[in-house]
Each structure stands twice: as structure tokens, then as C-alpha cells.
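Novice: Below is the structure I would like to discuss, written out as C-alpha cells.
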Amino acid sequence: MFCVECGAEGPVYEGLCANCFRKRHPIVAPVEFVDVPRCQSCGSYRLRSGWTKADRDLVIPQLLREAMPPLAPYERLSFTHVAREEDANNLSVRVKAAGRFQELTAVQDFQVRIRIKPSYCDACQKQRGRYYEGILQVRGEDRELAPREVRAARTFVAARIDRSEDPEAFVSRIEEVHGGLDFYVSTNALAKGLARDLAGAFGGTVTASPKLFGQRQGREVYRVTALVRLPAFQKGDVVRHKGAVAEVTSVRPFVVLRDLATGESRRFKPKDVRGANRIDAERFEAQLARLDSGELVAIHPQTAEERPLRPASKRPAARAVVVWTSEAAYLSNLPPEGSKD
Ligand SMILES: [Zn+2]
Ligand SMILES: [Zn+2]
């Protein structure tokens, strides 16, 4: 076949050789600017399909595709790019558009400026309006939450929201109320889901109560309050139960108390250990020593105080994790405080 334009011999596309075809047919009509709203709060970009949290380098080809459809007769088109930041809101982008027509590929190079328009996505806009639908309440079972539980619950919820794929999932505010925490969240489903997850991670019970709070577009709107009650004890707590000092080694599905004097473990239904009282204790790794009297003691790593070791072990190691109370040091079955378990 011969090119009708230049007479070259070889494959032709609509009568033209590859060179003449490429000269005759631009792939796209390059635009000078592409404007894209970007959420100042969460960094999402707005594409025609909606807000996306995708990385900038994934968003740019999308933007280019939206701004520059392939020109006929090209059937398919792909973009590659190199972006240079001129300032926080202006990108100078070197674009390579590759168009396909039958077996032929043509490439077109040009420059586009991407202008980022600071904005707020729908989710952040609502959040800024302190919008909420559901409430997640975290409380203790017959007690106030310990400061470390408050911290743990906050961290847990923040991590769940971060990992959520749903841009509509957010916490609009958190209130520390007497003995507990309230999270005001974007949807009722989120309140219930977080409550379930918290109870799964920390033990405890969940109740949810919907309350009608109005009508929206002729539809009844409910606000759900999901309440998690964290169990009376947490793993690692030291309690006095029926005269014995014990460490809590598990809280779900049963509460397991390990008697520190004997080393024996027993499991209880949560309601059967309501009468147990938490006592002040630390848990750490301590050096052990035998006194001249033959008594074994543990030595506090900071204060160098000594406490008799219980249960008295025949062949002790040089160091051990102990529960340190005002009366004694007990061999523990749990890792020291502050370590991951
Ligand atoms: Zn030709
Ligand atoms: Zn946002």
C-alpha cells in the first residue's frame, strides 16, 4: 500500500502512512489549565466522579482524562506525566499523551498547569458544621474510666476512622464527660460499629438506643446512642477478691483471676467478680536476691526497696516480672506494664 499523501510504501491508516497519519491527527487538544478543588482538611481531590483520597500522582492522569478526551480517530488514550511544584497550589506538569488507532501508537508532548483550589470536601464541610448523627458513649461498668482507658479509647477510635475507606466516616467532636467519653459521629451505623469494635477489643457490653429527633425530607430521622460499658476490670489489673490478691489475666469471655500467692487461675462470670476491689500495684521486671536469712526478695528497680517474693520459689531466676504491692512482690504471668502483649 502507498500513502496518499507522500507516496511512501508500507502499512497505511485511512490511506496515510504512520508519519503522515500522526502529522494529520493530533491526539488531544491540549488545555492550558486544569483546575482541581482540594480539601484543605483531609487532602481529598475532587474529580468528576466525586471526592477521592487517592495520591496526587494517581489523581493527575484522571484530571487529564477528564479535561482532554481523545480526538477522533484515536480510540484509546493514556497519559503519563511529570509534575513539578511551582508553589503549594500550582503544578507545572509535563504531559505525554499516547493515542492508539488500530495498530498505530502516536505520542504527543505538552505542558499543562494544574491549579489547586483550596476547598472543603463534603465530609469535612459537614464536620466543620459539627454535624453528627450518632453518639458513641464509652463508660465503665459501675466505675469511672481510668485515664489510660480514655487514652486507649480515643486512639482506638481515631485509628478506626483513619483506616476507614468511607469518606463519610468522621468524628465531629469528642467530649470527656464525668467518668467517660462521648464521641459524636457522622452516622448511626458508625456509632454502632465503633461500639461493637471497642467491646471486641476491650471487653464489655454494647447497647444501642435510637431516638427520633426529627424529619428530613418527609422521612423520620433517628439518632442512635451506642453505649459501651467496659468491664469492671482490665487485663493486668490487680484485685483483692475474697481475701486473696489476684491479677486479671483475661476479661473475655470470662474474667480470669490468677491468685498471686498460689499461682492458681480461676475463671468467673463478670457478675461474680463485682465484689472484687482493684488495689494499687505496679508490674515490672525486677532483680531477685536471697537475703542472709534465706528469704527471697525482689528489688525495686528505681527505689531499690525490697519486698518478700511470693510464692517463695525454690530455684529462682536472677530476674522476674513481679507485681509490686505495698506488702509483697508476686511473680506475675503477664508482661511488664508498658510492653505490648
Ligand atoms: Zn505519508
Ligand atoms: Zn476533606
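The values are calculated or read from the model by the stated rules, or taken from the named source; none is laboratory data. All values derive from a computational prediction rather than experimental measurement. Cβ coordinates were reconstructed from backbone atoms using ideal geometry, including for glycine residues, and neighbour counts include every protein chain displayed. We work out accessible area using only protein heavy atoms, side chains counted, and drop any ligands, DNA or RNA first. Shrake-Rupley method; radii C 1.70, N 1.55, O 1.52, S 1.80 Å.
Novice: (1) open to solvent by 20 Å² or more (accessible area, probe 1.4 Å); (2) assigned to a helix (DSSP H, G or I): which one isn't true of ALA153, the others all being true?
Specialist: (1)
Novice: Taking region 52-65 as the region of interest, how many residues are open to solvent by less than 60 Å² (accessible area, probe 1.4 Å) and in contact with a Ser or Thr (Cβ under 9 Å, 6 or more places away or on another chain)? I'd like the intermediate steps shown before the answer.
Specialist: Just the residues of region 52-65 that are open to solvent by less than 60 Å² (accessible area, probe 1.4 Å), to begin with: 52, 54, 59-61, 63-64.
Those left that are additionally in contact with a Ser or Thr (Cβ under 9 Å, 6 or more places away or on another chain): 52, 54, 59, 61.
Matching residues across region 52-65 total 4.
Novice: Return the residue satisfying two criteria in turn: it lies in region 108-123 and is at pLDDT 90 or above and open to solvent by 30 Å² or more (accessible area, probe 1.4 Å), and of such residues it is nearest to the chain's Cα centre (by Cα).
Specialist: Within region 108-123, the first condition is being at pLDDT 90 or above, and the residues that meet it are 108-117.
After this cut, where a residue has to be open to solvent by 30 Å² or more (accessible area, probe 1.4 Å) as well, the list is 108-109, 111, 113, 115, 117.
Values: GLN108: 42, ASP109: 41, GLN111: 38, ARG113: 34, ARG115: 30, LYS117: 27 Å.
Going through the qualifying residues, I end up with LYS117.
Novice: Given the conditions (1) open to solvent by less than 40 Å² (accessible area, probe 1.4 Å); (2) in contact with an Asp or Glu (Cβ under 7 Å, 6 or more places away or on another chain), and given that VAL221 satisfies all but one, which numbered condition is not satisfied?
Specialist: (2)
Novice: Has region 115-126 got at least one residue that is under 27 Å from GLN62 (Cβ atoms), in a helix (DSSP H, G or I) and free of Cβ contacts under 8 Å to residues at least 40 places away in the same chain?
Specialist: So far as region 115-126 goes, yes, one or more of its residues are under 27 Å from GLN62 (Cβ atoms), in a helix (DSSP H, G or I) and free of Cβ contacts under 8 Å to residues at least 40 places away in the same chain.
Novice: Moving to a separate point now. Please return the ranges of strands (runs of 3 or more DSSP E) entirely within region 186-291 where 2 or more residues are of a type in the set (D, E, K, R) and over 25 Å from ASP142 (Cα atoms).
Specialist: In region 186-291, 219-230, 282-290 are the strands (runs of 3 or more DSSP E) which contain 2 or more residues that are of a type in the set (D, E, K, R) and over 25 Å from ASP142 (Cα atoms).
Novice: Moving to a separate point now. Going through region 50-69 one residue at a time, which ones are of a type outside the set (D, E, K, R), assigned to a loop (DSSP other than H, G, I, E, B) and within 16 Å of ligand 2 (Cβ to nearest atom)?
Specialist: Filtering region 50-69 for residues of a type outside the set (D, E, K, R) gives 50-52, 54, 58-64, 67-69.
When the remaining residues are screened for being assigned to a loop (DSSP other than H, G, I, E, B), the result is 54, 68-69.
The one that is of a type outside the set (D, E, K, R), assigned to a loop (DSSP other than H, G, I, E, B) and within 16 Å of ligand 2 (Cβ to nearest atom): ALA54.
Novice: Against the conditions (1) under 28 Å from the mean Cα position of the chain (by Cα); (2) assigned to a loop (DSSP other than H, G, I, E, B); (3) away from ligand 2 (no atom under 16 Å from the Cβ), where does SER41 fall short? Just the number, please.
Specialist: (3)
Novice: Which number in (1) assigned to a loop (DSSP other than H, G, I, E, B); (2) closer than 30 Å to ASP166 by Cα marks the one condition that ALA83 misses?
Specialist: Only one criterion is unmet by ALA83, namely (1).
Novice: Answer with yes or no whether VAL34 is part of a strand (DSSP E or B), away from ligand 1 (no atom under 16 Å from the Cβ) and open to solvent by less than 40 Å² (accessible area, probe 1.4 Å). Break it down stepwise before answering.
Specialist: Numbers: part of a strand (DSSP E or B): yes; away from ligand 1 (no atom under 16 Å from the Cβ): yes; open to solvent by less than 40 Å² (accessible area, probe 1.4 Å): yes.
For VAL34, the condition - part of a strand (DSSP E or B), away from ligand 1 (no atom under 16 Å from the Cβ) and open to solvent by less than 40 Å² (accessible area, probe 1.4 Å) - is met.
Novice: Follow-up question, since we're still on this one. Working only within region 15-31, note down all residues that are in contact with a helix residue (DSSP H, G or I) (Cβ under 7 Å, 6 or more places away or on another chain) and outside any strand (DSSP E or B).
Specialist: From region 15-31, those in contact with a helix residue (DSSP H, G or I) (Cβ under 7 Å, 6 or more places away or on another chain) are 16, 31; that's our starting set.
Residue satisfying the conditions is VAL31 alone.
Novice: I've got another one for you. Please state which of the following conditions SER92 fails to meet, knowing it meets all the rest: (1) more than 30 Å from ALA191 (Cβ to Cβ); (2) at pLDDT below 95; (3) loosely packed, with under 15 Cβ neighbours inside 10 Å.
Specialist: (2)
Novice: Would you say MET68 is away from ligand 1 (no atom under 16 Å from the Cβ) and either touching a residue at least 40 places away in the same chain (Cβ under 8 Å) or not charged (D, E, K, R) (or both)?
Specialist: On the way: away from ligand 1 (no atom under 16 Å from the Cβ): yes; either touching a residue at least 40 places away in the same chain (Cβ under 8 Å) or not charged (D, E, K, R) (or both): yes.
Yes, satisfied.
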